[in-house]
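Quick notes on the structure that follows.
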Protein chains: 2
Amino acid sequence: MSRFSFNSGTAKYWPLHELIDTAARRGLGGVGLWRKPVQEAGIDRVARQVRAAGLQVTSLCRGGFFPATDAATRQQRIEDNRRALDEAARLGAQTLCLVCGGLPSGSRDLAGARQMVADAIAELAPEAGDLGVVLAIEPMHPMYCSDRSVISTLRQARLLAEQFPAEQVGVLVDAYHVWWDPDRFNELALLGERIAGFQVCDWTVPLPAGVLTGRGMIGDGCIDLRRLRQAVEHSGYRGLTEVEIFNSALWQQPGEEVFDLACERYLAHVA
Amino acid sequence: MSRFSFNSGTAKYWPLHELIDTAARRGLGGVGLWRKPVQEAGIDRVARQVRAAGLQVTSLCRGGFFPATDAATRQQRIEDNRRALDEAARLGAQTLCLVCGGLPSGSRDLAGARQMVADAIAELAPEAGDLGVVLAIEPMHPMYCSDRSVISTLRQARLLAEQFPAEQVGVLVDAYHVWWDPDRFNELALLGERIAGFQVCDWTVPLPAGVLTGRGMIGDGCIDLRRLRQAVEHSGYRGLTEVEIFNSALWQQPGEEVFDLACERYLAHVA
């Protein structure tokens, strides 16, 4: 279990201190955290708890959302990402997960939006490196291209990350977003030390309206998670496997039950 | 309008003979048809009507759905595709659109499913060529990878089609499925004479549950359709632009209203 990390978004309504306590008692290697619940609980207080528990913070979710029509809004978002980097550093998080952002409202200019993402990362990258936090570009499933991330594939994320030193910018590999990609194994091999995190859940259909909260529990869907985990590790990734499931049915269950099920399924389908 | 074709799936409940009659009166170049309503109206009767109206049949939807766990089911599906090819030939359709099929139930073997698609196309390709119908592989948006098509990208479709003569196997380019792809313009240039059809609608969010009936009317979304049309034609495609929109709200409107709106939007955003 020491190779496993539990992202708090998987049990959205479970109090954070209970989640961290349970993860530590059950011998997990880390937790993945979200900015808002951490802010509500107190950043330094959460930082002390995870440190005392001996847990890694495998990711802080999330920065990004860079494209915007006007320069002032783009600058505000960069400032918010600076605050997120600071929070990540205080938590000792290894990465700040970047959901890069979709097309600005009314825009059809994908190339322009992708350039805005690159420009913002260029501005933030040196600061991230100074803070010891890796900006982890998360290529997101193409169904989110218009409204969440114009960075859709591992290849796009890799080519963008390679413009910067590896201690500043990496790639977060989430099985849900990349499982379908015919180039995924080639790209994972090329990523090597750029892999800044590895997240798992499963792909199930039908997708719910809005396609945000229909991720499947590990083992309930069609992703060959073990093979992806092996490919990520073969590429040189030494970090943990983090489970992150947004599923409105799971969110209704007690946090510890979801935690137990995720641990069991991790051993059966991923480890 | 002679470069425009109207797919009957856009006005699902409009009687086919009225649709064909309207398309002819309004000077369209063609119509796209679906097997079931054509069978219900009588294949040869529909064939006579479109011929008399001077319309092309730009596509017959659809063949495909090749992967299955057992060989007998795979063979049944090939037989059904043979019947679809025969229907396409009787209609004078230029292409049989292939929705290649997703993963077999319970399978996590994407490579295996993709091989089943290639094997089925290899069996059907010579017959398609003999009938003068092109098997048009439609790469489908990756959100359909598990249940509709393991062929997700233009590049996958091109590499598969190139294993066969161009008069047997081509690629159907649907803007809805490929607009997000960072390689779309490169791939369209490489496709050249392989482009067997070009379909348009728009990408709008939020997606509805099941993600099948939320396609947007031309101009309502974020796809740069004109630029895609230009890229397709620059590659050498000389065929029509076909509108195909599955949208449960549009289906509730009178067919001729939807037809008029699609024509108007085609002129404003695509032509």
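The values are calculated or read from the model by the stated rules, or taken from the named source; none is laboratory data. Since we're looking at a predicted model, the values are computed, not measured. A quick note on method: Cβ atoms are made from the backbone with ideal geometry, for glycine too, and the neighbour counts reach across all protein chains shown. These accessible areas exclude ligands, DNA and RNA; they are computed on the full protein's heavy atoms, side chains included. Shrake-Rupley method; radii C 1.70, N 1.55, O 1.52, S 1.80 Å.
Brief remarks follow.
- Taken together, the residues in the stretch A:125-146 that are of a type in the set (A, V, I, L, M) and surrounded by fewer than 24 Cβ atoms within 10 Å (Cβ to Cβ) amount to 3.
- Scanning the stretch A:152-164 for residues being more than 7 Å from chain B (Cβ to nearest Cβ) and either more than 15 Å from A:Ala113 (Cα to Cα) or open to solvent by less than 10 Å² (accessible area, probe 1.4 Å) (or both) gives a total of 9.
- For A:Phe185, the requirement of being of a type in the set (A, V, I, L, M, F, W, C), open to solvent by 20 Å² or more (accessible area, probe 1.4 Å), under 19 Å from B:Ser146 (Cβ atoms) and more than 14 Å from the chain's Cα centre (by Cα) is met.
- Residue match in the stretch B:32-48 (condition: crowded, with 21+ Cβ neighbours inside 10 Å and either more than 18 Å from the chain's Cα centre (by Cα) or among the acidic types (Asp, Glu) (or both)): yes
- Selection within the stretch A:10-31: residues that are small (Gly, Ala, Ser) and buried (at least 21 other Cβ atoms within 10 Å of the Cβ). The member of this set that is nearest to the chain's Cα centre (by Cα) is A:Gly30.
- Residues being among the β-branched types (Val, Ile, Thr) and away from every other protein chain (no Cβ under 13 Å) - total across the stretch B:201-217: 0
- Among the residues making up the stretch B:228-241, a single one is among the basic types (Lys, Arg) and surrounded by 14 or more Cβ atoms within 10 Å (Cβ to Cβ): B:Arg229.
- The stretch A:60-82 residues that are within 20 Å of A:Ser107 (Cα to Cα), paired with ones that are in a strand (DSSP E or B) (beta carbon under 6 Å, 6 or more apart): A:Gly64/A:Leu98; A:Gly64/A:Val99; A:Gly64/A:Gly101; A:Phe65/A:Gly101; A:Phe66/A:Gly101; A:Pro67/A:Gly101
Per-residue answers, yes or no, for (1) open to solvent by 10 Å² or more (accessible area, probe 1.4 Å); (2) within 14 Å of chain B (Cβ to nearest Cβ):
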residue: A:Phe198; (1), (2): no, no
residue: A:Arg226; (1), (2): yes, yes
residue: A:Val243; (1), (2): no, no
residue: A:Glu256; (1), (2): yes, no
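- No other residue among A:Arg35, A:Arg45 is in contact with a Cys (Cβ under 8 Å, 6 or more places away or on another chain) and at pLDDT 95 or above apart from A:Arg35.
- The one condition in (1) within 14 Å of chain B (Cβ to nearest Cβ); (2) within 15 Å of A:Phe4 (Cα to Cα) that A:Val232 fails to fulfil: (1)
- Figure legend. Inter-residue proximity from the stretch B:124-151: first residues at the interface with chain A (Cβ under 9 Å from one of its Cβ atoms), second residues open to solvent by 30 Å² or more (accessible area, probe 1.4 Å) and among the small types (Gly, Ala, Ser), beta-carbon distance below 6 Å, spacing 6+ or different chains. No pairs are indicated.
- Remark: pairs (first residue in the stretch A:197-217, part of a loop (DSSP other than H, G, I, E, B); second residue of a type in the set (A, V, I, L, M) and surrounded by fewer than 18 Cβ atoms within 10 Å (Cβ to Cβ); Cβ separation under 6 Å; 6+ apart in sequence or on different chains) = A:Pro208/B:Ala209; A:Ala209/B:Ala209.
- Checked against (1) in contact with a Cys (Cβ under 8 Å, 6 or more places away or on another chain); (2) within 19 Å of B:Leu131 (Cβ to Cβ), B:Arg77 passes all but condition (1).
- When residues in the stretch A:200-212 are screened for being touching a strand residue (DSSP E or B) at 6+ places or on another chain (Cβ under 6 Å) and either open to solvent by 10 Å² or more (accessible area, probe 1.4 Å) or of a type in the set (D, E, K, R) (or both), 3 of them pass.
- Here B:Glu187, B:Glu193, B:Glu167 are screened, and the one residue that is within 18 Å of B:Glu242 (Cα to Cα), acidic (Asp, Glu) and outside any strand (DSSP E or B) is B:Glu193.
- Residue under evaluation A:Asp220, criteria (1) open to solvent by less than 20 Å² (accessible area, probe 1.4 Å); (2) within 14 Å of chain B (Cβ to nearest Cβ), criterion not met: (1)
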